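Q: Supplied in structure tokens, the structure appears directly below.
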Amino acid sequence: MEAFECAFCKKIFPVDPFHTFCPDCQEPLLYKGPKADKKFHRDKDFPLEVMLDFLPLDHVDRNLSLGEGNTPLIKLKKVEKNFQLPSLYAKNETVNPTLSFKDRGTALATQKAISLGIERIGTVSTGNMAISTAAYGARAGLKTYVLIKEGAHPEIIHSTGIYNPVMINVKGDYGELFRRSLSLGKENNIYFTNSVDPFRIEGYKVAAFEIFFQLNQESPDFVFVPVSSGGHLIGLMKAFHELRQHGFITKLPHFIGVQAEGCSPIASAFRQKKPRVERIEKAKTIAKAISNPDPPAGNLLLRMIRNTGGTIMSAPEDKILEAQRILAEIEGIFVQPASATVLVGLLELAEQGKINPEGSIVLVLTGNGMKALGKITQKNTQILQANLADLSSILEFVPSD
Ligand SMILES: Cc1ncc(COP(=O)(O)O)c(C=O)c1O
Ligand SMILES: [Zn+2]
């Protein structure tokens, strides 16, 4: 039998997109599938169809898809060599249809909404999720409500608005807005597929299954993931747990969640061995996409990470843009500052001698840099000036290496 389950009190609830938190513990519920034998349908080319046995869907409606998934696992040979690292890969989630990993979760949530006859979906977001939900809502013909936290960049507002959702700029506390959206959703029949929605988390599992196949059916030793609400890393961990449970792997990777130092409530609780995450008063980070001071799955992630010997760490703010530049300059991959945190985390653990030289490492790159141009200033971008007439003489003076 399928159900929603609370990892804290172990109570079981019916599968219901309008009731996604445990009423007793106030923690997010996770989807629990039937126990039956599961296999991958590798004859299919559509990720949701390949993984169907592991997902809360009976079938996949291809018309709802925007082509999410099947993202490349790219070897980072130059970073490996420059920093003397073992086998290093990037799972490039920035090439999803709306340029972030959020499409994995939104794709699954819209499949679920349509199969349940739901007509309205919504989300609460500071950026990537707003764009993703608006795009998939438009594709599915669902009335879509996007609650944007006051202060979002015009780039985000316009890239969401073009899909024509009902977009509301909300003043007030973000954690409060998250909770209010769920109760308003119940009252108004809007399925809020927020960052820790159990179906969204199921969609995130697909990227982990892809990594497993891309590594010839092996687990990597380390998986580095940027963390804000915690939903994405929980999804990836859940997938590897299911691979082990069904006999596909014997050992789990070490999961390393990385927060930006200026907003790192989960990393602080982990470091200080606190039983629960305490919300922080004021977030101040250049990694805007992972700036959630009151992460709704913080306690759940803390528990899962502690149970598996992983780590939640924080990336110093002054190292984030440097890591972003390294990935662009030597590997040709332009990510958001939020995503660059994973390279900062890896280099720090490597310096501390905590990376096994025989192992393999996957950095999950979550969002495209074009969506967060704000921090790339004139100062960082060199551009020479020329008239057509003096172009060749200028080229002579440019060093050729
Ligand atoms: C680019 C990017 N990376 C990582 C994350 C973190 O994901 P989660 O909130 O599921 O922890 C987000 C979330 O908004 C994001 O936009
Ligand atoms: Zn509970």
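The values are calculated or read from the model by the stated rules, or taken from the named source; none is laboratory data. Bear in mind that the values here come from a model prediction, so they are computed numbers and not experimental data. Note that we place each Cβ from the backbone using ideal geometry, even for glycine, and neighbour counts take in every protein chain shown.
Q: Can Ile190 be described as out of contact with any His (no Cβ under 9 Å at 6 or more places or on another chain) and buried (at least 19 other Cβ atoms within 10 Å of the Cβ)?
A: Against the criterion (out of contact with any His (no Cβ under 9 Å at 6 or more places or on another chain) and buried (at least 19 other Cβ atoms within 10 Å of the Cβ)), Ile190 qualifies.
Q: Take the residues of segment 19-34 that are more than 22 Å from the chain's Cα centre (by Cα) and at pLDDT 95 or above: which is nearest to Phe199 (Cα to Cα)?
A: So the residue we want is His19.
Q: Give the residue, chosen from Phe240, Phe224, Phe248, Phe212, that is touching a residue at least 40 places away in the same chain (Cβ under 8 Å) and among the aromatic types (Phe, Trp, Tyr).
A: Answer to the check: Phe224.
Q: Give just the number: which of (1) away from ligand 2 (no atom under 16 Å from the Cβ); (2) in contact (Cβ under 8 Å) with a residue 60 or more places away in the chain; (3) buried (at least 18 other Cβ atoms within 10 Å of the Cβ); (4) within 24 Å of Phe248 (Cα to Cα) does Val79 not satisfy?
A: (4) is the only condition that Val79 fails.
Q: Check segment 118-126 and report whether any residue there is at negative phi, at pLDDT below 95 and not hydrophobic (A, V, I, L, M, F, W, C).
A: Yes, some residue in segment 118-126 is at negative phi, at pLDDT below 95 and not hydrophobic (A, V, I, L, M, F, W, C).
Q: Right, another one. Give me a count of the residues in segment 349-359 that are buried (at least 17 other Cβ atoms within 10 Å of the Cβ) and of a type in the set (S, T, N, Q).
A: Looking only at that region, the number is 0.
Q: On to the next question. Ser181: surrounded by 15 or more Cβ atoms within 10 Å (Cβ to Cβ), assigned to a helix (DSSP H, G or I) and more than 20 Å from the chain's Cα centre (by Cα), yes or no?
A: So Ser181 passes the test.
Q: Just give me the residues in segment 31-62 being outside any loop (DSSP other than H, G, I, E, B) and touching a Lys or Arg at 6+ places or on another chain (Cβ under 7 Å), in sequence order.
A: Correct list: Val50, Asp53, Phe54.
Q: Output the residue which, of all residues in segment 306-348 that are under 23 Å from Leu99 (Cα atoms) and of a type in the set (S, T, N, Q), is surrounded by the fewest Cβ atoms within 10 Å (Cβ to Cβ).
A: Gln324
Q: It is to be established whether one or more residues within segment 288-305 are without any contact (Cβ under 8 Å) to a residue 60 or more places away in the chain and either surrounded by fewer than 21 Cβ atoms within 10 Å (Cβ to Cβ) or not in a helix (DSSP H, G or I) (or both).
A: No; the residues of segment 288-305 include none that is without any contact (Cβ under 8 Å) to a residue 60 or more places away in the chain and either surrounded by fewer than 21 Cβ atoms within 10 Å (Cβ to Cβ) or not in a helix (DSSP H, G or I) (or both).
Q: From the residues in segment 1-18 that are free of Cβ contacts under 8 Å to residues at least 60 places away in the same chain, within 16 Å of ligand 2 (Cβ to nearest atom) and touching a Lys or Arg at 6+ places or on another chain (Cβ under 8 Å), which one is nearest to Leu236 (Cα to Cα)?
A: Top of the filtered list is Glu5.
Q: Name the residues in segment 342-366 that are of a type in the set (A, V, I, L, M) and either farther than 18 Å from Pro253 by Cβ or in a strand (DSSP E or B) (or both), would you?
A: Passing the criteria: Val344, Leu347, Ile361, Val362, Leu363, Val364, Leu365.
Q: Please work out which residue is modelled with the highest pLDDT, limiting yourself to segment 306-341 and to residues that are in a loop (DSSP other than H, G, I, E, B) and touching a His at 6+ places or on another chain (Cβ under 9 Å).
A: Per the stated criteria, the residue is Gly310.
Q: Among the residues of segment 111-151, how many are surrounded by 24 or more Cβ atoms within 10 Å (Cβ to Cβ), free of Cβ contacts under 8 Å to residues at least 60 places away in the same chain, away from ligand 1 (no atom under 16 Å from the Cβ) and part of a helix (DSSP H, G or I)?
A: 1
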